[in-house]
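See structure below.
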Amino acid sequence: MCDVRGDSAWQRMPLGVTVVCRGFPWRVARVEITDGVAAIDVHRAAADAPPLSTFLSPFDRLAACGEVPGWRQASRHRLRHVIAALDGAWPDAPLASVASATSAPWPHQLVPALAMTQGRGTRILLADEVGLGKTMAAGLAIAELIARGLAARVLLLTPAGLRDQWRTELAHHLRMAAEVVDARVLANLVRDVPADRSPWLGSGCRILSLDFAKQPAVLRSLAQEIWDALVIDEAHTVSGDSQRAAAARALALRSRFVLLLTATPHNGMPQSFRKLVSLGLHGDRDPIVWVRRGRIDLGFNQARKTRTWRLHSTAAEIDVQRALHAYAARVDNGRRPEARLAMIVLKKRALSSPDALLCSLRRRLECLTGRDVPALSTASLPFDAGESDDGDDVQPAALAARGFADHNSELDALRALAALADKARHNATKYGLLDRIVSRTTEPAIVFTEYRDTLHAVAARLSLRTSVAVIHGGLDRVGRGDAIRRFTRGDARILVATDAAAEGLNLQARCRFVIHLDLPWAPATLAQRVGRVDRIGQSREVRVWHLASAGGHEEAVVSALAKRLRRIHHEIGGAFPGEWAEFPVGSSAHLGTDAEVARNDAGDLAPNAERVARAAHLFRSLQATISSQVHGDGRPPRGVPWLRTGRLTTLLRSGGVVFLFTVFPRRRGEVRTHVAVQISLTRVPRESPGLWLPWLVARAADNAIHAVSSADLLCECAATRERELVRRAAGEHRRLHGRWQPALFDDRASRVIDVARDRIDKRLDAHSRRLDELSGTDDRPFVVPVLALIVK
């Protein structure tokens, strides 16, 4: 190795020269020599170099740039060490995240990462159908941004029940460490950091539940930070006007990259769809990248059988329906809006089960008789909220609104209606059919219902026949995990769940039967329910049962579902479910859309993804084979190894030398890349390769630089987004002027303004540094030879 040693050598070397140490290039900034030891202050010349600033010679071995540290003949055994240690990207596989993944991804899962690296946009909506591996696709995109130095701080928002699953899959498939932050973890973070510091400082991936992040105290601290990448799982839940949606919009506007994951991007309402695709949008210059594929598009077998049972109600159920509609009609004639809302609640619960209706009727009776008086309680801290979802058990306050002018008459009507519901629940038609389905097979099944009251009734009934596990929104993290483990391990044959289990769970290895005891009003929920078992990894035919009453109000719900499904199919495409084709939806003239949005379709990247997947599979197979054959200490040989071979003569047109180079990244957005360059020779010299390879490698290095694709498009796209973030921060800074007018002797408002300005100034400084790092560079890429194969 040509070391730079001795005081005279360092004194002759000009500042700014590039040297090589510890496998990375560095630029010399200052040299100080004391007692024969040279302290060399350096700056990184490669974007992926470790954060070092000083080397000590002769303890650190430094070589001048461009000098090859010797050539050594190597055995095939020692060459395996070199090949197995190569990580990064290749010209045919430009994604560095693929080589580091422990699981081989499907080609379609590479499209989001390719769309980012090709500069298609900084906001991506990954809307593949349920069960096509969106978690792996999103993880690859995050890993690629991390490998390119663009995402040191990642915020992942997901439903509360999926936090542990995300952490497990990121660690298992991508070796990516992630931290689940809940109320207890955040309380510890706040306790351990100074009062003037944010608990979210530092790099890493944080996983929070959507309901936890929307809490005012939590959101306030999150929104003060700049997030390199924001990932929102089940993004359809933030498409409306809820607190979840407001929190998602606030965080997306502060994030450099935004990745939205949902299998159901459209809920049948054009306005909600427009809000979803506009998350994180600054102006009109950042169209969202649209990624939407179905099973048929990707060649997967569409093996699903769905049957809709049109049930005829019993006499007792008909009596309940008639009495309920008569009661609701009298309330509507009373022209009391609050009481009309109560009637909607009662009708909706009646569609689920007589048990759900009976619980709401008893609740209304308690409210109207004055027996239900809310007890005084201490308000919960913000840190205690957001860890569960009680939506399936909420009894709206509207149930307390009076509907009749005659109070006693209304109480009598409610008591009579409750008695009819109590009679009907003992022999409900849906319960009887559910018993028949469960008793005719020994396979595990999932039973979905909307309300927890129905869940408890069904679970109690089925537990007399077989083992049952339940999942609902009131379960905490531990209880939910225990229920899932009981079902997946076979301790429970039937899983009865509300829609709290309709998102994100992977149950395809255990189950293929799904029973909808009541149909949801949203097509997205229906698709999410079936998606728990109909996904990649399901080896059997999926069976789905819809239990719906023939006629009555439930017939209207079924028709409304079919109409919404047709509207979604009309606006975003995809296969229309055949089981809904028989239901009339009225005139098709009402299926138009006003949700036209700017979308950049990434469907044309599918061929590129296929090539990348093939190249990655070949290299992974090679590495696995080599790693299994490597013995000894695993240290690579000193110097650049060369080897004579005749095995490549069938692949190359002529003899010569094949050099393998490593090209180091120069700025953020670029990644370490390996490229092979062939130099043809009419005659291979007979002299020792150590004499003529140094002359030949300089020529090959120029070809290697031209063969590597640059990251100009990605850096340009990221810089455009960064400038938009700068404009937003500058606008916030301007709006602080005149926001408060402090009193003459009151400095509190001035201190608040000063703190806010200081925080925005820090954000502007961070944006300026990122823009400098993304700017183009005229520096020549640093190229290092890795090995040479001399082809006879």
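Side notes on the structure shown:
- Carbon and sulfur %, accessible surface of region 202-341 computed with the full protein complex present, 1.4 Å: 49 percent
- A simple spin-label model places the labels of residue 64 and residue 412 10.9 nm from each other, with each point 7 Å out along Cα-to-Cβ.
- Stretching the chain fully between residue 180 and residue 477 yields a gain of 105.8 nm (0.36 nm per residue, less the alpha carbon separation).
- Treating r as the C-beta distance of residue 329 and residue 606 and R0 as 45 Å, the FRET efficiency rounds to 0.20.
- Two-site FRET efficiency, residue 188 against residue 771, from Cβ-Cβ distance with R₀ of 30 Å, rounded to 0.05: 0.30
- Debye, to nearest 20: dipole size of region 410-507, +1 on Lys, Arg Cβ, -1 on Asp, Glu Cβ: 440 debye
- For residue 750 and residue 712, a Förster radius of 51 Å and the Cβ-Cβ distance give a FRET efficiency of 0.65, rounded to the nearest 0.05.
- Above-threshold pairs, the threshold being 22 Å between Cα atoms, out of 214/275; 134/214; 305/347; 347/423: 134/214; 305/347
- At a probe radius of 1.4 angstrom, the accessible area of region 450-550 per residue rounds to 34 square angstrom.
- Once C-alpha pairs closer than 8 Å and six or more residues apart are averaged by separation and normalised to the residue number of region 240-312, the relative contact order reads 27 percent.
- Relative packing of 95-101, 310-316, 288-294, which averages over residues the other C-beta atoms within 10 Å, highest first: 95-101, 288-294, 310-316
- Take region 234-350 with all the other protein chains still there, run a 1.4 Å probe, and you get 46 Å² of accessible area per residue.
- Extension reserve of the residue 780-residue 242 stretch, reckoned as 0.36 nm per residue once the Cα distance is removed: 188.6 nm
- Apportionment of accessible area to carbon and sulfur, region 494-546, percent (1.4 Å): 46 percent
The values are calculated or read from the model by the stated rules, or taken from the named source; none is laboratory data. None of the values given here were measured: they were computed from a predicted structure. Cβ atoms come from the backbone with ideal geometry, glycine included; neighbour counts cover every protein chain shown. The accessibility values were calculated without ligands, DNA or RNA, using every heavy atom of the protein model including side chains. Shrake-Rupley method; radii C 1.70, N 1.55, O 1.52, S 1.80 Å.
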